[in-house]
Amino acid sequence: MEVVRSAVGESLDYRRVRVTRIPDVTVVGAVVADLVHLIAELVDNATTYSPPTAQVETYGNPTVEGVIVEVEDQGIGMSEAERAEANELLCNPTDFDVTTLTADPRLGMFVVWPRGTTFRCD
């Protein structure tokens, strides 16, 4: 819970973020800063790309190997062309570096994809 709350606290729009259930687990000290930063980026992305009045929900679910932390927002969605481009990126990933970002600075596709989405690479 402390890791997620720390991450939410880094967001400028932290008042829009609601943290609910987070299972009580221990995190190895060496990864805490990186984990806080990763979750903070996802929360920031959620608040930036969702309507300004929309609530962002952050919660966790236990798994056999630990916890899955989910950041749920009411994002702006994707057009069919953007979805096709994203699917291509997931099917044929590029090496990540600063030049990969081009004009679109969103990092989410390099770390996550929407729950329930399946990708078929032909």
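Computed from the C-beta positions of Asp13 and Val64 and an R0 of 30 Å, the FRET efficiency is 0.35 to the nearest 0.05. Using R0 = 25 Å, the C-beta based FRET efficiency linking Glu2 and Thr53 works out to 0.35. For Thr48, the solvent-accessible surface with a 1.4 Å probe is about 90 Å², rounded to the nearest 10. For His37 and Glu72, the FRET efficiency from 1/(1 + (r/R0)^6), where r spans their Cβ atoms and R0 equals 30 Å, is about 0.95.
In loop segments of the range 1-97 as defined by DSSP, the chymotrypsin sites (Phe, Trp or Tyr not before Pro) with at most 13 further C-beta atoms inside 10 Å of their C-beta are Phe96.
Sites listed here are GluC sites (Glu not before Pro) in the range 1-100 whose DSSP assignment is loop and whose Cβ has at most 15 other Cβ atoms within 10 Å: Glu10, Glu65. Note on Arg18: accessible area approximately 120 square angstrom, rounded to 10, probe 1.4 Å, nucleic acids and ligands left out.
Entry comment: accessible area of the range 5-72 is 64 Å² per residue, from protein heavy atoms only and a probe of 1.4 Å.
The values are calculated or read from the model by the stated rules, or taken from the named source; none is laboratory data. Keep in mind the model is a prediction, meaning the values are calculated, not measured. All Cβ positions, glycine included, derive from the backbone under ideal geometry; neighbour counts span all protein chains shown. Quick note on the areas: whole protein, heavy atoms, side chains included, nothing else; ligands and nucleic acids left out. Shrake-Rupley method; radii C 1.70, N 1.55, O 1.52, S 1.80 Å.
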